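Peer 1: This is the structure I have questions about; it appears just below.
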2 protein chains.
Amino acid sequence: IMALSTKPYKGTRDFYPHDMRIHTWMYDKMKEVVKSHCYEEYNGPMLESFELYAAKTGEEIVNQQLYTLEDKSNRKLAVRPEMTPTMARMVAGQVLELPKPVRWFSFPNLWRYERPQRGRLREHWQLNVDLLGGEPLYADYEILNIAYKLIDNFGGKDKIKIHVNNRKLINHFFTEILGLTAEQALKASKAVDAKAKIPEEVYKTQLQEAGVPEEQFEKLEAFFNSDLETMKSNYPCEGVNELTELFELFKNTDVEEQLVFDAKIMRGLDYYTGTVFEIYDISPENNRAMFGGGRYDNLVGLFGKQQLSGVGFGMGDVTLRQFLETHNLLPDDLHDFVDVFITLPENKFFKASVQITESLQKLGLKVFTPLQKAKFANQLKLANKINAHWAIIFGDTEFNNNQVVVKNLKSGEQKTLDLNNLEKIREV
Amino acid sequence: IMALSTKPYKGTRDFYPHDMRIHTWMYDKMKEVVKSHCYEEYNGPMLESFELYAAKTGEEIVNQQLYTLEDKSNRKLAVRPEMTPTMARMVAGQVLELPKPVRWFSFPNLWRYERPQRGRLREHWQLNVDLLGGEPLYADYEILNIAYKLIDNFGGKDKIKIHVNNRKLINHFFTEILGLTAEQALKASKAVDAKAKIPEEVYKTQLQEAGVPEEQFEKLEAFFNSDLETMKSNYPCEGVNELTELFELFKNTDVEEQLVFDAKIMRGLDYYTGTVFEIYDISPENNRAMFGGGRYDNLVGLFGKQQLSGVGFGMGDVTLRQFLETHNLLPDDLHDFVDVFITLPENKFFKASVQITESLQKLGLKVFTPLQKAKFANQLKLANKINAHWAIIFGDTEFNNNQVVVKNLKSGEQKTLDLNNLEKIREV
């Protein structure tokens with residue numbers, strides 16, 4: 001029989017304890033921020049009905065990237081590729097009862113069939129933060145502020161720029177100015193969204209297919225490179241008004257310096273209807289959007305009970321960790337987890353070592369026991385390998401006197417303690 | 001267009017914030033115990049290759065309960081039905097480097113296609129605790145002790161019994177005493193395992209199909225109802241010796257009273273080779289095994305590098321929560337999450353309310369803002385609904401004096417505070 005592979009499925013990761021500690025540390029830091037704003041955690045099932053994604057998740061994801069399956073009753077299911085549809089479904093399910101505004105967060109794993117590459121894997125975890133209800137202007141403000149504070153809490157606020165745009169402005173330009181239909185406008189906006197990733201020729205062909213005649217290309221380029229002041233004069237509309245009010249609110253705040261208007265921000269997902277934004281890592285090596293989000297007016301209403309506009313974003317763990325590594329923002333001391341190592345010189349001491357373990361645990365200490373007798377030298381080697389702070393050493397002499405020797409493995413100091421005085425270990 | 005359903009897929013749960021708080025509380029309580037023994041958290045991907053389960057997961061699960069799918073390169077995948085194969089794969093991947101004994105835990109979600117019923121859902125979360133290496137006797141002791149301490153940490157130690165058995169004893173009886181082949185013995189043990197859940201006639205037919213002649217049924221019944229002393233006289237073997245040593249170690253410990261020998265404990269999974277156990281809720285309404293586990297000698301070696309025997313268990317969140325609810329062991333105060341509610345009487349105060357929010361957050365308080373102007377009465381109604389501790393109230397008069405009114409919503413007391421003295425809120 002051929003041995004089974006120890007590798008995980010292509011494009012996925014195993015979280016060995018060291019990686020898991022980093023993962024948990026990132027999650028805890030994110031929770032600090034969102035919980036200080038009273039966001040509440042939720043979760044939903046890993047598999048959902050296929051229809052949930054067919055409704056509003058973009059075509060590329062549904063047709064090319066979704067993991068689908070059928071259950072034994074021929075229900076068509078999908079492994080969730082994003083969390084927003086689940087969130088919208090759940091909010092809709094209790095839309096009348098939930099206190100508004102609804103502030104929710106989650107940190108689910110998501111699946112997309114992608115060609116694995118830097119920053120993109122088939123399974124990743126994503127912090128989802130959503131705010132439904134309230135004045136849209138104030139809610140957009142809070143969500144952008146939280147996106148900023150998340151990065152700030154990792155020590156990275158001056159390593160990012162927050163690019164902001166508004167879908168209403170894009171729609172105004174494509175439909176009112178260029179005269180495209182809604183469907184053409186969507187196609188054209190996808191071409192602009194993909195521009196940096198595709199050859200110039202493909203980009204132009206896609207624009208033409210979307211109904212943009214070649215003589216308009218220059219106008220289109222000019223539009224997408226306009227600043228907000230130019231937009232105000234040349235393309236006045238609701239989108240520009242919303243952007244102006246939003247930038248006004250951020251005046252004289254910590255966020256202001258990181259905030260830039262960028263008409264090229266589209267977001268791949270079809271459901272955005274107002275403010276959209278992307279957070280860029282400004283370092284040259286990660287030169288792309290780390291994460292982003294926006295306002296969606298029409299998601300909760302898909303479930304028929306009541307409309308409720310929301311705004312939110314998803315921040316993936318893969319790009320976040322790359323960001324933290326690039327800027328040296330991960331802590332060095334995520335290795336320590338063993339307080340005390342208890343040696344086992346002979347099997348007859350096993351029950352005694354269990355009792356010492358339980359006494360030390362009652363003092364709040366984390367205790368590692370080797371579960372196998374060995375020479376002191378070998379056991380101390382293991383104690384050092386797992387980075388224990390103290391080792392407890394004993395033989396017949398100590399035991400007959402109800403004592404143990406405590407050795408501080410960092411300083412080398414050692415001391416004999418009575419068994420009923422084990423709390424003094426912290427002084428060794 | 002028909003509205004989408006707000007229900008999750010059959011047999012799965014949505015975790016709205018209240019359920020999520022209970023879920024997180026349970027997880028945190030479990031982590032306290034395993035971390036005090038230096039178990040380290042790990043995780044693996046949600047989808048694994050189908051072969052991983054075909055190798056050792058029981059036939060019933062693989063053929064009837066597995067969610068399988070193919071990716072776009074025709075790789076056959078499965079949604080993980082249990083965590084042990086992933087754990088074994090990962091340990092095997094670093095078997096030479098990992099310090100021994102390996103102490104790992106995880107709290108993954110798992111999927112099985114089951115008919116949803118009390119205590120059984122298609123998606124559940126399961127604490128997995130595994131210990132690989134060390135003297136098997138000592139390792140078995142530690143794992144059983146931790147299973148006990150987990151329940152003890154929830155306040156339920158006298159609501160359970162721990163039923164212990166050993167696969168070697170079962171194998172000895174079926175092969176040496178009854179003369180069955182290994183395959184027949186497995187079939188017979190499955191019949192015994194299912195006995196309580198199937199009609200008497202089906203049970204008997206299954207035994208006969210497994211090669212147990214009808215004249216042996218009485219002997220078989222007697223065997224499965226024997227106590228450990230009887231086993232020692234009538235069926236001496238390695239399994240009985242291991243059981244005797246294990247029960248000896250637990251003499252005069254807290255666990256002893258909860259521990260019972262039970263020859264009927266089998267565990268459904270094929271990979272157990274030594275000690276097996278199940279934790280029973282002793283209340284009549286949940287009268288069945290809550291969780292269990294055992295020793296597996298041959299899992300890590302499937303991956304070809306090196307054999308490493310382990311012992312572990314999985315404790316599901318659904319049965320655990322039922323246990324805690326039945327015995328009234330869930331805390332009542334899992335609702336509080338809002339410290340301060342900041343009213344918004346008029347839009348012109350929005351920026352001021354943001355500044356107060358940030359000052360209070362710097363004091364470690366969780367702050368809820370309504371993001372929409374409304375009358376005080378309506379806002380206070382919302383503040384009470386979300387169970388806020390304090391409300392901050394202000395109008396032009398307060399603001400012109402750089403002050404706010406703080407109201408303690410629990411006591412009704414209120415006090416005017418200067419904006420640069422907000423830390424005094426804790427005294428109101």
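The values are calculated or read from the model by the stated rules, or taken from the named source; none is laboratory data. Owing to the predicted nature of the structure, the values given are computational and were not obtained by experimental measurement. Note that we place each Cβ from the backbone using ideal geometry, even for glycine, and neighbour counts take in every protein chain shown. Ligands, DNA and RNA are excluded from the accessible area calculation, which covers all protein heavy atoms including side chains. Shrake-Rupley method; radii C 1.70, N 1.55, O 1.52, S 1.80 Å.
Peer 1: Percent of alpha carbon pairs in segment A:4-144 separated by more than 24 Å? Mind showing how you got there, number by number?
Peer 2: Values: 4180 of 9870 pairs.
Across segment A:4-144, Cα pairs with separations above 24 Å total 42 percent.
Peer 1: With respect to the symmetry axis carrying chain B onto chain A, which residue of chain B exhibits the smallest Cβ distance to that axis, and what is the value in whole Å?
Peer 2: That would be B:69, 2.
Peer 1: Return the loop-located GluC sites (Glu not before Pro) in segment B:12-113 (DSSP other than H, G, I, E, B) with at most 13 other Cβ atoms within 10 Å of their own Cβ; answer none if there are none.
Peer 2: On the way: sites: B:32, B:40, B:41, B:48, B:51, B:59, B:60, B:70, B:82, B:97; in loops: B:82, B:97.
Sites meeting the loop and neighbour criteria: B:97.
Peer 1: Kirkwood-based Rg over Rh for segment A:133-221 (C-alpha set), two decimals?
Peer 2: Numbers: Rg = 17.1 Å, Rh = 15.4 Å.
Here the Rg-to-Rh quotient is 1.11.
Peer 1: Compute the distance in nm between two label points, each set 7 Å from the Cα along the Cα-to-Cβ direction, one at residue A:183 and one at residue B:254.
Peer 2: Here the answer is 6.9 nm between the modelled labels.
Peer 1: So what's the gap between the Cα centers of segment A:359-401 and segment A:285-338, to the nearest angstrom?
Peer 2: 42 Å
Peer 1: Let me know the shape class of segment A:63-211, please: from the alpha-carbon gyration tensor, a ≥ b ≥ c as square roots of the eigenvalues, rounded when a/c is under 1.5, otherwise prolate if a/b is greater than b/c, or oblate. Working shown, then result.
Peer 2: Numbers: a/c = 1.39, a/b = 1.16, b/c = 1.20.
Taking the square roots of the gyration eigenvalues as a ≥ b ≥ c, segment A:63-211 is rounded.
Peer 1: Between residue A:421 and the same site in the other copies, what are the distances in nm, shortest first, taking label points 7 Å from Cα along the C-beta direction?
Peer 2: So the distances to the same position in the other copies read 5.0 nm.
Peer 1: If you line up the long axis of helix A:350-362 against the longest principal axis of chain A, both from Cα atoms, how many degrees apart are they, to the nearest 10?
Peer 2: Tilt relative to chain A: about 50 degrees.
Peer 1: Dividing the convex hull volume of the Cα atoms of chain B by its residue count, what figure in Å³ per residue is obtained? If you can, show how the numbers build up before the last one.
Peer 2: Values: hull volume 96.9 nm³, N = 428.
Convex hull volume per residue, Cα atoms: 226 Å³.
Peer 1: Need one number for segment A:327-428: average projected area of the convex hull over its C-alpha atoms, nm². Let's see the in-between values first.
Peer 2: Numbers: hull surface 28.3 nm².
About 7.1 nm², averaged over all directions.
Peer 1: If I take R0 = 51 Å and measure r between the Cβ atoms of residue B:396 and residue A:227 in this structure, what FRET efficiency does the formula 1/(1 + (r/R0)^6) give, to the nearest 0.05? Mind dumping the intermediate values first?
Peer 2: On the way: r = 37 Å, r/R0 = 0.73.
My answer for the efficiency is 0.85.
Peer 1: Considering only DSSP states other than H, G, I, E and B, which trypsin sites (Lys or Arg not before Pro) in segment B:1-81 qualify as loop sites with at most 11 other Cβ atoms within 10 Å? Mind showing how you got there, number by number?
Peer 2: Values: sites: B:10, B:13, B:21, B:29, B:31, B:35, B:56, B:72, B:75, B:76; in loops: B:10, B:13, B:72, B:75.
Counting only loop positions with at most 11 other Cβ atoms within 10 Å, the trypsin sites (Lys or Arg not before Pro) in segment B:1-81 are B:72.
Peer 1: Give me a single rounded figure for B:325-333: the average over its residues of other chain Cβ atoms within 10 Å of their Cβ.
Peer 2: On the way: counts 0, 0, 0, 0, 0, 0, 0, 0, 0.
Averaged over the peptide's residues, the number is 0.
Peer 1: Between helix A:84-93 and chain A, what is the angle of the helix's C-alpha long axis to the longest principal axis, kept within 0 to 90° and rounded to the nearest 10?
Peer 2: Roughly 90 degrees, rounded to the nearest 10.
Peer 1: List the lysines whose Cα lies under 18 Å from the Cα of residue B:362, skipping any in the same chain that are fewer than 8 positions away.
Peer 2: Here the lysines satisfying the reach criterion relative to residue B:362 are A:29, A:31, A:35, A:149, A:157, B:351, B:424.
Peer 1: Assuming a ≥ b ≥ c are the square roots of the Cα gyration tensor eigenvalues, decide whether segment B:65-110 counts as rounded (a/c under 1.5), prolate (otherwise, with a/b larger than b/c) or oblate.
Peer 2: Values: a/c = 4.02, a/b = 1.86, b/c = 2.16.
Cα axes put segment B:65-110 in the oblate bin.
Peer 1: Could you work out which residue, out of A:314, A:155, A:274, moves most in a Gaussian network model of chain A, that is, has the largest mean-square fluctuation with Cα springs under 10 Å?
Peer 2: With Cα springs under 10 Å in chain A, the top fluctuation among A:314, A:155, A:274 is at A:155.
Peer 1: Placing a label point 7 Å from Cα toward Cβ, how far apart in nm is residue A:284 from its equivalents in the other copies, listed shortest first to one decimal?
Peer 2: Output for residue A:284: 7.7 nm, nearest copy listed first.
Peer 1: By DSSP, what percent of the beta bridges with both residues in segment A:284-428 are antiparallel, rounded to the nearest 5? Walk me through the numbers on the way to the answer.
Peer 2: Working: 14 of 19 bridges.
DSSP beta bridges in segment A:284-428 are roughly 75 percent antiparallel.
Peer 1: A further question follows. Answer rounded, prolate or oblate for segment B:261-302, using the Cα gyration tensor with square roots of eigenvalues a ≥ b ≥ c: rounded when a/c is under 1.5, else prolate when a/b is larger than b/c, else oblate.
Peer 2: Details: a/c = 3.54, a/b = 2.55, b/c = 1.39.
Note, shape of segment B:261-302 comes out prolate.
Peer 1: Taking residue A:264 as the anchor, which lysines have their alpha carbon closer than 18 Å to its alpha carbon, excluding any fewer than eight residues away along the same chain?
Peer 2: Correct list for residue A:264: A:161, A:168, A:187, A:190, A:195, A:197, A:204, A:219, A:232.
Peer 1: Next question, about the same structure. Over segment B:135-205, give the accessible area per residue in Å² for a 1.4 Å probe, as an integer.
Peer 2: Details: 2910 Å² over 71 residues.
Solvent-accessible surface per residue comes out at 41 Å².
Peer 1: How large, in Å, is segment B:197-270 by the Kirkwood hydrodynamic radius built from its alpha-carbon pairs? Walk me through the numbers before you get to the answer.
Peer 2: On the way: mean 1/r = 0.0688 Å⁻¹.
With all distinct Cα pairs of segment B:197-270 included, I get 14.5 Å.
Peer 1: Could you tell me what a quarter of the Cα convex hull surface of the protein assembly as shown works out to, in nm² with one decimal place?
Peer 2: On the way: hull surface 165.8 nm².
In nm², the orientation-averaged hull projection of the protein assembly as shown is 41.4.
Peer 1: Considering only DSSP beta bridges whose two residues both sit in the protein assembly as shown, what percent are antiparallel, to the nearest 5? All intermediate terms of the calculation are to be shown ahead of the outcome.
Peer 2: Details: 98 of 118 bridges.
Expressed as a percentage, antiparallel bridges in the protein assembly as shown total about 85.
Peer 1: If we hang a label 7 Å off Cα along the beta carbon direction at residue B:32, how far is it from the matching labels on the other copies, in nm, shortest first?
Peer 2: So the label point of residue B:32 gives 2.3 nm to the other copies.
Peer 1: What's the angle, to the nearest 10 degrees (0 to 90), between helix B:376-385's Cα axis and the longest principal axis of chain B?
Peer 2: For B:376-385 against chain B, the angle is about 20 degrees.
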